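Have a look at the structure below, then the notes.
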């Protein structure tokens, strides 16, 4: 694991046939996990959910986290083949657009991103010139689509609920489950964003837990409950046995738990900033006539603030 953009730490998964080498990069500002997924036989790799740095207090953007990933790829002599987003993130900017510009490597996301684009285009009142057709990515994956990273077989599993567009990437014995399942002590992702649904999230979780029990699951965030060290990897078997929200639940009980918990959670601090960047493939708004870029913040759009 790397705390991007710092030096590497322990946590790189061992390689075997059909078993990708996975290196995690942790962004402590947003508790986000980014991954380099490499085929040990060919040196081909993909990047999953890269972060573009943003400081909401100053409005400053930077590419430190993404550049750390690029430096790692270069140091290891890897060949980048894919830049993959699991969904349009609500808590950090995607660096997919930046990495595309630097490397020329294709970007991809699930095909239902167009539903998220249409929803948020209306919420932001974006102009007709904003294309809500997924054209900001090079490939839109459907459920069951297959692709390759070097000699590794990879497949796409539609897993909505957290968002309408979320997908899980299956690469060899590894599954990148984004914000559907967290580490077992943290349970599951929230389902109260626009377009989210707890019933749908439950069904996505069950589909993931139907994978072979030895499948390695890599989560998109870790909030380090109790101050424990950052963690990012579990297995289907461990999630079945230990997950705080899914273990021993049926759909009705899960939906009740998830809905009640979501009512207590504030909106992510970057949701209104990040969605307008992430529905554009991780690209910042274009400069205006003074050369500056601006974010648009819709007021009173996501319910009441927890004033007390």
Residues that are over 20 Å from residue 117 (Cβ atoms) and at pLDDT 95 or above, drawn from the range 266-287: 287
Kindly indicate the residue of the range 102-114 that is touching a residue at least 24 places away in the same chain (Cβ under 8 Å) and not in a helix (DSSP H, G or I) and also surrounded by the fewest Cβ atoms within 10 Å (Cβ to Cβ) among those meeting that condition. 106
Within the range 156-170, can you find the residues that are touching a strand residue (DSSP E or B) at 6+ places or on another chain (Cβ under 6 Å), farther than 12 Å from residue 85 by Cα and either in contact (Cβ under 8 Å) with a residue 60 or more places away in the chain or part of a loop (DSSP other than H, G, I, E, B) (or both)? 159
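Every residue, every condition in (1) within 19 Å of the chain's Cα centre (by Cα); (2) surrounded by fewer than 22 Cβ atoms within 10 Å (Cβ to Cβ); (3) modelled with pLDDT of 95 or more; (4) more than 21 Å from residue 22 (Cα to Cα), yes or no:
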| site | (1), (2), (3), (4) |
| --- | --- |
| 116 | yes, no, yes, yes |
| 139 | yes, yes, yes, yes |
| 154 | yes, no, yes, no |
| 170 | yes, yes, yes, no |
Determine which member of the set 99, 126, 119 is in a helix (DSSP H, G or I) and touching a helix residue (DSSP H, G or I) at 6+ places or on another chain (Cβ under 9 Å). 99
Give all pairs with beta carbons closer than 6 Å in which a residue from the range 64-75 that is on the phi < 0 side of the Ramachandran plot and surrounded by fewer than 19 Cβ atoms within 10 Å (Cβ to Cβ) meets a residue that is modelled with pLDDT of 95 or more and assigned to a helix (DSSP H, G or I); count only pairs at least 6 apart in sequence or on separate chains. none
Residue 297 - would you say it is surrounded by fewer than 13 Cβ atoms within 10 Å (Cβ to Cβ) and in contact (Cβ under 8 Å) with a residue 24 or more places away in the chain? yes
Please go through the range 63-96 and give me each residue that is part of a strand (DSSP E or B) and closer than 23 Å to residue 42 by Cβ, ordered by number. 79, 80, 81, 82, 83, 84
In the range 227-279, the residues that are within 27 Å of residue 24 (Cα to Cα), in contact with a helix residue (DSSP H, G or I) (Cβ under 7 Å, 6 or more places away or on another chain) and crowded, with 18+ Cβ neighbours inside 10 Å: 236, 239, 245, 246, 275, 276, 279
State which residue is farthest from residue 122 (Cα to Cα) when the search covers only the range 172-192 and only residues that are under 15 Å from the mean Cα position of the chain (by Cα) and assigned to a loop (DSSP other than H, G, I, E, B). 183
Which residue out of 248, 282, 286 is without any contact (Cβ under 8 Å) to a residue 12 or more places away in the chain, part of a loop (DSSP other than H, G, I, E, B) and under 30 Å from residue 173 (Cβ atoms)? 248
So which pairs qualify, if the first residue must be in the range 201-213 and over 14 Å from residue 187 (Cβ atoms), the second must be assigned to a helix (DSSP H, G or I), the Cβ gap must be under 8 Å, and the two must be at least 6 apart or on different chains? 203/251; 211/236; 212/236; 213/236; 213/237; 213/240
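The values are calculated or read from the model by the stated rules, or taken from the named source; none is laboratory data. Everything quoted here is computed from the prediction, not taken from an experiment. Positions of Cβ are generated from backbone atoms using ideal geometry, with glycine treated the same way; all protein chains shown enter the neighbour counts.
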